[in-house]
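For reference, the structure is listed below as structure tokens.
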Amino acid sequence: MIRRAAAAALFLAAGCASVDICDVGGHTMAVVQNSGWYFLNFIPLGSGDPDSPNSVSCVVFGGTVTLENNLKMLERARVEAGATECLNVTSYTKEESVCVFLFKRYYFHTSAELVIPPRPPAGTEAGEPSPEKST
């Protein structure tokens, strides 16, 4: 019984950091989110781990729900996707209260369009002109 209560408390205290990349309609979008639980609006209980997004990990008593951490996760996603730049970067925060003023969950969202350069046609190497068709 005590183990279940402890597991439930850890689950509720845990934050979440995630990075999602979507390639639909000719555009590649990156969406970054980080969230965390705070006691009395300023004491961090658990926040998402920006160094390990999309994993089951959190930073206990660490306030990682910041614009700086979201931009670091966005930059890492840009490099991993092979994009040259990010366009239309937008960020916003959201919060929800639990028990009026005792607990709050803060969310920080950032999204951007990734500019991925076109790949050379198959059979050609970078820097070489593509073979022309003869008629």
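The values are calculated or read from the model by the stated rules, or taken from the named source; none is laboratory data. Treat the numbers as computed from the prediction; the structure is a model and nothing was measured. Please note: Cβ atoms are built from the backbone with ideal geometry, for glycine as well, and neighbour counts cover all protein chains shown. All accessible areas refer to the heavy atoms of the entire protein, side chains included, with ligands and DNA or RNA removed. Shrake-Rupley method; radii C 1.70, N 1.55, O 1.52, S 1.80 Å.
The candidates T90, T64, arranged from most to least accessible area with a 1.4 Å probe in the full protein assembly, appear as T90, T64.
The stretch between I116 and S55, if pulled fully straight at 0.36 nm per residue, gains 19.4 nm over its current Cα-Cα span.
Descending by average beta-carbon neighbour count within 10 Å, the peptides 55-62, 96-103, 107-114 line up as 107-114, 55-62, 96-103, the highest first.
When the range 19-113 is described by a simple charge dipole with +1 on each Lys and Arg Cβ and -1 on each Asp and Glu Cβ, the residue from A81, N69, Y106 located farthest towards its positive end is Y106. Quick one: go through the range 38-62 and flag any residue whose amide nitrogen is under 11 Å from the point 7 Å out along the Cα-to-Cβ line of E95. Residues 38-43 fall inside that zone.
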